[in-house]
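Sharing a structure here in structure tokens format.
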Amino acid sequence: MRGKPLVIVDPHFRRMDEIFSAQDRARLDDMVEVVWGKDEPMPADAFNEAIPNAAAVICADWRYGDEALARADNLRAVLTVSGGFPRHLNYDYCFTKGIRVLSAAPAFARSVAEMALALALAASRDIAAGDRAMREGNEAWLHAGNASAFMLYGKPAGFIGYGSIGRALHPLITPFGCVVSAYDPWLTDGYLCSLGVRPVELDALLETSKVIFVLAAPSVENRALLSRERLERIQQGAVLVLVSRAHVVDFDALTELVAEGRFKAAIDVFPAEPISPDHPIRRAAGAVLSAHRAGATAEGCREIGEMLVDDLEAIARGLPPQRMQNAQPELISRYMTNTIQKGKGA
């Protein structure tokens with residue numbers, strides 16, 4: 001009789017030592033029988049041999065096909081080490097069979113929230129622009145150097161999206177006394193109010209917020225949600241912080257408006273990465289730019305392993321997982337269509 005539950009651990013593109021501390025790897029080995037557990041992609045024949053007995057699969061994406069899923073008679077969970085849900089996975093089948101599909105997205109929430117605050121301060125206080133001016137020898141001193149700067153204290157802040165990043169960011173800006181408004185059509189007004197957030201319509205948020213944080217996950221509904229028309233509603237001199245996905249913004253319009261000096265922008269994500277060396281956003285004086293670094297911290301990656309082991313333990317004990325993001329039948333088909341589909345994998 002098999003003792004510990006069998007778990008396929010195939011995290012490529014991530015490395016085992018990147019996501020598992022020595023302590024969490026020991027916890028994993030004590031709790032389950034690890035199959036594969038290497039940095040290289042698991043060979044198809046080895047996966048197909050193991051999947052009928054596997055209680056869970058840890059992977060970066062579902063690259064094993066519907067046939068393997070149909071043979072997974074003991075499968076209770078698919079846990080991904082990426083920041084999204086697996087592509088090419090038959091979600092209808094998983095929901096019907098009671099197979100949990102879990103994403104490590106919450107592991108990055110604190111890292112991204114911290115960077116979002118840093119970017120907001122860098123833009124509002126003109127820290128990056130001031131640094132460039134000092135290095136070039138044309139800095140303005142004292143009051144003259146703060147002509148377009150403003151303090152974050154007491155300013156109205158708007159969150160576009162109030163998921164795990166928003167919930168991690170909110171307490172970080174609380175000491176600044178910001179009144180936080182949020183637009184999130186996937187959450188009810190009552191729920192947002194219970195979290196101390198003022199629910200508002202998107203246009204009102206753009207018009208009234210001095211600092212706007214774009215935190216929404218990409219969905220089939222929000223491509224270029226921040227259109228040129230909406231971006232033009234942002235008040236003069238405000239700051240827009242883009243740390244979720246460029247999918248949500250008309251990036252060409254954003255670039256033009258920032259270059260014109262309508263408002264400032266702090267940007268960690270771009271429509272194509274790496275962004276072209278001659279893209280005009282690189283030359284926009286009102287932009288603070290970061291090379292998609294917000295979530296890619298060592299601490300965030302190690303939190304993936306901690307979450308994986310914690311939720312595997314809960315599942316093994318017949319309890320619901322608590323730490324990772326659980327795929328919801330009502331929402332999974334609404335994420336980006338080129339990333340996720342219900343039914344047969346795209």
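Read-outs throughout are calculated quantities, based only on the coordinates presented, and are distinct from any laboratory measurement. Since the model is a prediction, treat every value here as computed from it, not as a measurement. For neighbour counting, all protein chains shown are included, and Cβ atoms are generated from backbone atoms with ideal geometry for every residue, glycine included.
Test of understanding: ordering Leu226, Leu169, Leu192 by Cβ neighbours within 10 Å, fewest first, what list do you get? Walk me through the intermediate numbers first.
On the way: Leu226 24, Leu169 27, Leu192 21.
With the fewest neighbours first, Leu226, Leu169, Leu192 line up as Leu192, Leu226, Leu169.
Based on the alpha-carbon gyration tensor of segment 176-242 and its eigenvalue square roots a ≥ b ≥ c, which shape applies: rounded if a/c is under 1.5, prolate if not and a/b is larger than b/c, or oblate?
On the way: a/c = 1.91, a/b = 1.12, b/c = 1.70.
Oblate, because a/c is 1.5 or more while a/b does not exceed b/c.
Okay, next question. Based on the alpha carbon coordinates of segment 84-126, what radius of gyration and maximum Cα-Cα distance (Dmax) apply, in Å?
17.5, 53
Just the ratio, please: alpha-carbon radius of gyration of segment 108-289 over 2.2 N^0.38 Å, N its number of residues.
Working: Rg = 15.8 Å, N = 182, 2.2 N^0.38 = 15.9 Å.
Against the compact-globule rule of thumb, the ratio is 0.99.
Now a separate question. For the chain, how many pairs of lysine residues have a Cα-Cα distance under 20 Å, where the two are 8 or more positions apart or belong to different chains? Present the calculation step by step, with values, prior to reporting the outcome.
Numbers: Lys4/Lys38; Lys97/Lys342; Lys97/Lys344; Lys155/Lys210; Lys155/Lys264; Lys210/Lys264.
Going through the chain pair by pair, I get 6.
Fewest to most neighbouring Cβ within 10 Å: what's the order for Ser333, Ser194, Ser209, Ser124? Display every interim value, and only then the final one.
On the way: Ser333 15, Ser194 9, Ser209 26, Ser124 23.
Ordered by Cβ neighbours within 10 Å, fewest first: Ser194, Ser333, Ser124, Ser209.
Rg/Rh for the chain: what does it come to with C-alpha atoms and Rh from Kirkwood? Mind dumping the intermediate values first?
Numbers: Rg = 22.2 Å, Rh = 21.7 Å.
Using Cα coordinates only, the ratio equals 1.02.
To continue, here is another question. What residues qualify as long-range amide H neighbours of Val35, i.e. H under 5 Å apart, gap of 5 or more or another chain, H built at 1.01 Å from N?
Under 5 Å from the amide H of Val35: Val7, Ile8, Val9.
Rank-order 161-168, 17-24, 177-184, 278-285 by packing density, defined as the average count of other C-beta atoms within 10 Å over each peptide's residues, highest first. Kindly include the intermediate steps, with their values, before the conclusion.
Values: 161-168: 22.0, 17-24: 16.2, 177-184: 19.4, 278-285: 14.0.
Averaged packing, sorted descending, gives the order 161-168, 177-184, 17-24, 278-285.
Using a 10 Å cut-off around each Cβ, can you sort Phe270, Phe159 from fewest to most neighbouring Cβ atoms? Walk me through the numbers before you get to the answer.
Working: Phe270 19, Phe159 30.
Least to most surrounded, the residues fall as Phe270, Phe159.
Work out, in µm²/s and without decimals, the Stokes-Einstein translational diffusion coefficient of segment 119-179 at 25 °C, 0.890 mPa s, Rh from Kirkwood over C-alpha pairs.
Details: Rh = 13.3 Å.
In µm²/s, the coefficient is 185.
If you don't mind, there's one more thing I want to ask. Starting from the Kirkwood Rh over alpha-carbon pairs, what translational D in µm² s⁻¹ does segment 30-164 have by Stokes-Einstein at 20 °C and 1.002 mPa s?
Working: Rh = 19.2 Å.
Answer from the Stokes-Einstein relation: 112 µm²/s.
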